[in-house]
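Here is the structure we will look at, set down as structure tokens.
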Amino acid sequence: MFHSVRQIALWSFVSLLALPLIDPRVAYAYPDQPIKIIVTFPPGGSADIVIRTLQPAIADELHQPVVIENRSGAGGNIGIGAVAQAAPDGYTLGVAAAGVLTVNPHLNRAAMSFDPLKDLAPISLLAQIPFVLVASQESKLASVNDVVSAARAHPDELSIGHGGNGTAMHLTSALFAQKAGIKVQLVAYRGTAPAAVDVLANHIPLAVLDIPASQQLIRDGKLKALGVSAAKRVAFLPDVPPLSELGLSDFESVGWFGLVAPAGTPPDVINRLNAAFVKALSDPAAVEKIRSLGAEPAPSSPATFDRFIQSENIKWAKVIAEAGIKGE
């Protein structure tokens with residue numbers, strides 16, 4: 001059967017109307033310009049080294065330059081605030097740590113210009129960093145059982161140092177006390193290094209330290225590692241059991257950082273970025289480099305990262321409330 005030119009034109013017009021509307025920002029043309037990644041830490045830290053390790057592979061995969069901008073301060077609020085306020089087009093991303101996404105909202109909400117759960121779009125976890133409970137070699141505390149027994153015998157007399165108020169090490173220390181059912185003094189230092197120095201000098205009996213700052217001291221026999229905070233044994237300290245195996249059921253606390261975009265970034269752009277970062281994080285050379293920092297690569301889907309952020313918010317809100325931790 002033959003159709004008139006008018007019928008064919010009408011059918012063509014109707015077919016075009018039936019096509020889904022295409023978001024002009026969407027990813028079939030993405031990216032077509034350089035991508036900026038804001039890192040909320042100074043140069044040389046674990047998060048900065050990880051993202052710079054991945055930078056060449058991401059640039060190759062996306063066929064665009066990737067520019068790293070270090071914008072630290074206010075516990076990550078400044079850098080991630082800039083990401084939250086950027087155009088949701090995939091060209092401004094941020095490396096956000098646990099603190100700014102899951103701790104600051106419960107300690108310093110008034111100081112935040114954004115809501116981490118509403119104003120950001122998760123892309124992927126990047127890496128996780130476990131913590132370790134350590135004692136000085138001169139301490140009589142040789143196990144977690146020793147610590148719990150001593151704390152129960154002398155409530156509020158035993159001290160645990162950590163890297164600063166509201167840090168992941170602080171919250172890990174508080175979670176340890178809560179899970180063990182003990183009362184201890186949590187002593188804040190200005191960073192991990194001063195806490196480690198005081199344990200080494202036996203000025204304080206215990207500390208919760210991150211593994212990058214402590215693993216060599218442990219390997220050299222200068223500190224005793226009593227337990228790691230990860231759910232499973234870690235490659236860096238394979239002989240040190242997790243706290244969850246030492247009477248503290250379901251204990252898990254790790255530092256982590258991941259990649260986020262402004263809320264409203266098109267799903268196709270998020271998925272394109274996720275695929276690039278998951279691929280880069282699976283490269284053996286990148287894995288080796290990240291593990292050399294005492295971190296563990298942790299690529300994830302956007303949905304998995306989103307659920308993780310939600311669950312971490314609930315978990316740390318409870319710990320903060322029970323411990324009575326206040327923001328500075």
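Observations on the model:
- Estimated from helical segments only, the mean residue ellipticity of the chain at 222 nm is -12500 deg cm²/dmol, where each DSSP H run of four or more residues counts as -39500 (n - 2.57).
- Interchain or long-range residues, amide H under 5 Å from Q128's placed H: E296, A298
- Residue pairs, from the table K224/K315; K279/K315; K183/K222; K183/K318; K36/K326, whose Cα atoms sit over 24 Å apart: K224/K315; K279/K315; K183/K222; K36/K326
- Based on Cα atoms of the chain, Rg over Rh with Rh as the Kirkwood radius reads 1.11.
- K232/N271 FRET efficiency (R0 35 Å; Cβ-Cβ; nearest 0.05): 0.75
- Between 0 and 90 degrees, the angle of helix 144-153 with respect to the longest Cα principal axis of the chain falls at about 60 degrees.
- Mean sequence separation of contacting Cα pairs (under 8 Å, at least six apart), scaled by the length of the chain, corresponds to a relative contact order of 24 percent.
- Extension gain (nm, one decimal) between A193 and V278, 0.36 nm per residue minus Cα-Cα: 27.4 nm
- Rel. contact order, % - alpha carbon contacts under 8 angstrom, at least six apart, the range 130-245: 37
- In degrees, nearest ten, helix 46-62 long axis to first principal axis of the chain (Cα): 20
- Helix 5-18 vs. the chain, principal-axis angle (Cα, 0 to 90°, nearest 10): 10
- For the range 165-181, Karplus couplings with θ = phi - 60° (6.51, -1.76, 1.60), whole Hz, Gly/Pro x: 4, x, 6, 4, 5, 4, 5, 5, 4, 5, 5, 4, 4, 5, 5, 7, x
- Most fluctuating residue given options E61, E69, E157, as computed from a GNM of the chain linking Cα atoms under 10 Å: E157
- I68/K326 FRET efficiency (R0 45 Å; Cβ-Cβ; nearest 0.05): 0.85
- Residues listed by number, the range 191-231, amide nitrogen under 15 Å from E245 label point at 7 Å toward C-beta: 225-231
- For K183 and S292, a Förster radius of 51 Å and the Cβ-Cβ distance give a FRET efficiency of 0.85, rounded to the nearest 0.05.
- Think of each Lys and Arg Cβ as +1 and each Asp and Glu Cβ as -1; about the Cα centre, that makes the dipole of the chain roughly 200 debye.
Only the coordinates and a few stated rules stand behind these numbers; no lab work does. Source: prediction; values computed, not measured. Neighbour counts are summed over all protein chains in view; Cβ atoms, including those assigned to glycine, are modelled from backbone coordinates with ideal geometry.
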